[in-house]
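First up is the structure itself, then whatever we jot down about it.
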Amino acid sequence: MKKTMLWLLIITIAISMLSMFSFAGCAGGTAAETTAAAEETEAAAEETEAAAAGEKPFAGVTLNVVNMLGWAVTKPILENHLAEFEEATGIDVVLNEMPFADIRTKETLEGENKTGAYDVLQMYDSAMPMLTNYCIPLDDYIASSFGSVDAWKSARYESAVVQVTFDGKIMVEPLMGGDQIGFYRKDLFEDPANMEAFKAEYGYDLAPPTTKQQLVDIAKFFTKDDMYGLAIPGKSDHGFSIFELQMFDSGWQYTDENYKLLWSANKDSAIEIAKFDQDLVQTLKVTPEGCVSWEMPEMVEEYFAGKAAMCVSWLHDFWGKAQLEETKAQIGETGSFVFPSDTDMKGGYIGYWGWGISKDSKNPDAAWEFVKWFNSEEMQRAMLSDEGAASFLSAQTAVSEWGVENGYIASATAEAGASAQQFVFFDQLDLLRAACRPGHEELLGGTITPEQFVDSSIEAMTAILEEAGIAQ
């Protein structure tokens, strides 16, 4: 009945307006003007009807969104808040969940074939250079939503802005960042007997290390009986990340901006880092030799089991577990520290994940509505606090500061993230990194020397670059 009355009102208004325009036409108005006025009236009627029906701004729109399968970071939003977003906007969000290893491959395949299968792409740092080829720039959306691009930038870490900017355009809205930090057991570090004994042996106060020599001293002090001073992962990517962390802190990385390999020019530094890693395991024996079989999850479990005084890795993932009462009952409170550097540089490197909008999406405005909502300050806080299972560095400085203040983010995660750097990303980077990992495992296992590790890595990486047509 209400709808019928509404239409009678609309028809009456339309007839009245048409009569007026007919009179205007007799007085000199044109048929085109009359037609335009009628179209405007019809459009207004449709808007009035939509408003009366309570229609959502994106009613009927379906968005296909990529998400890493089982990811603890996005889980709180998808499980606790996504329905609210769909109700408010009318958007039906379809999650295309896939294992980490499939994300780059599947998004590239759909992008190359221009299928439009995914409206919103989820991507990690080293995949961004390729995947952003299939995305639209976000600058106009950002300016419209945040007042200006500069205002958006000023609220985010510089490292995040650099990571998501390609050819002067912002191509990705950064979701979260990760960096390597250290954990230490406060009960051991703050024990009066340990503090007195350490001061007597090393001549300075026991505290989280700020130099690599202090890291060694502390690790040696706590290595006794069934306890190791330091746990590090030694296997695959997680194991080799320790070397890469020190590489960045030493002021160099894989290549320069022109993709010229920097290892040869920094060979002495590379050998020094390799020797430090090997000595922890083989000479100082402050890290168990079995670490060569550990990736990060296995390594951090050794720490949580009370078998190490300190550990180092991508530990932002485990800060939530460190705060659980059952964990504290086992090993007491955990503190965090930035991996010590002997140069002015610290924090190693940071990797960001983010969202991109497919250039083949039929609904880019709705896709931006989703991205803007998911990365809003409210949802960023919810990702950190809803369940306490995952921690990360928010690209938004205000959120990270709030997270540290409230215990959701380790202080070292924010400190390292503020000064961390990024790789020079290009298609062969992942191949270069993979080429070095087996040799680093052999290095930690004591089967090759630091010099052999560096020489074989340089040889392998040079071959990869030359095969790709990148002259060295």
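The values are calculated or read from the model by the stated rules, or taken from the named source; none is laboratory data. Owing to the predicted nature of the structure, the values given are computational and were not obtained by experimental measurement. In this analysis, Cβ positions are derived from the backbone assuming ideal geometry, glycine residues included, and neighbour counts consider all displayed protein chains.
One residue stands out in the range 397-415 among those that are outside any loop (DSSP other than H, G, I, E, B) and among the polar types (S, T, N, Q): the one that is farthest from residue 130 (Cα to Cα), namely 411. Within the range 399-423, the set of residues being out of contact with any Lys or Arg (no Cβ under 9 Å at 6 or more places or on another chain) and among the β-branched types (Val, Ile, Thr) comprises 404, 409, 413.
Only one of the numbered conditions (1) under 15 Å from residue 352 (Cβ atoms); (2) assigned by TED's automatic domain parsing to the domain that holds residue 81 is violated by residue 397, and that is (2). Selection of first residues in the range 177-192 that are within 29 Å of residue 350 (Cβ to Cβ) and of second residues that are assigned to a strand (DSSP E or B) and among the β-branched types (Val, Ile, Thr), restricted to Cβ pairs under 9 Å at least 6 apart or on distinct chains, gives the following pairs, ordered by first then second residue: 180/312; 181/312; 182/312; 183/312; 183/334; 184/334; 185/334; 186/334.
Taking the range 255-357 as the region of interest, the helices (runs of 4 or more DSSP H) fully inside it that hold 3 or more residues being surrounded by 15 or more Cβ atoms within 10 Å (Cβ to Cβ) are 267-282, 296-304, 319-322. Whenever a residue of the range 253-275 is among the β-branched types (Val, Ile, Thr), its partners that are part of a strand (DSSP E or B) and at pLDDT 95 or above, lying with C-beta atoms within less than 7 angstrom and at least six residues away or across chains, give the pairs 255/261. Selection over the range 110-140 of residues that are among the hydroxyl-bearing types (Ser, Thr, Tyr) and either over 22 Å from residue 91 (Cα atoms) or without any contact (Cβ under 8 Å) to a residue 40 or more places away in the chain (or both) gives a count of 4. If you check 390, 471, 418 for being among the hydrophobic types (A, V, I, L, M, F, W, C) and outside any loop (DSSP other than H, G, I, E, B), only one passes: 418. For residue 160, the criteria (1) of a type in the set (A, V, I, L, M, F, W, C); (2) closer than 30 Å to residue 142 by Cα; (3) in contact with a helix residue (DSSP H, G or I) (Cβ under 8 Å, 6 or more places away or on another chain) hold in every case but one, which is (3).
Residue 150 satisfies every condition listed in (1) touching a helix residue (DSSP H, G or I) at 6+ places or on another chain (Cβ under 8 Å); (2) surrounded by fewer than 21 Cβ atoms within 10 Å (Cβ to Cβ); (3) at pLDDT 95 or above except (1).
Could you list, in sequence order, all residues of the range 358-385 that are in a helix (DSSP H, G or I), crowded, with 18+ Cβ neighbours inside 10 Å and of a type in the set (Asp, Glu)? Hit for the range 358-385 is 369, nothing else. Criterion first (free of Cβ contacts under 8 Å to residues at least 40 places away in the same chain, in a helix (DSSP H, G or I) and in the same structural domain as residue 275 (by TED's automatic domain parsing)) does residue 430 satisfy it? No: the conditions fail for residue 430.
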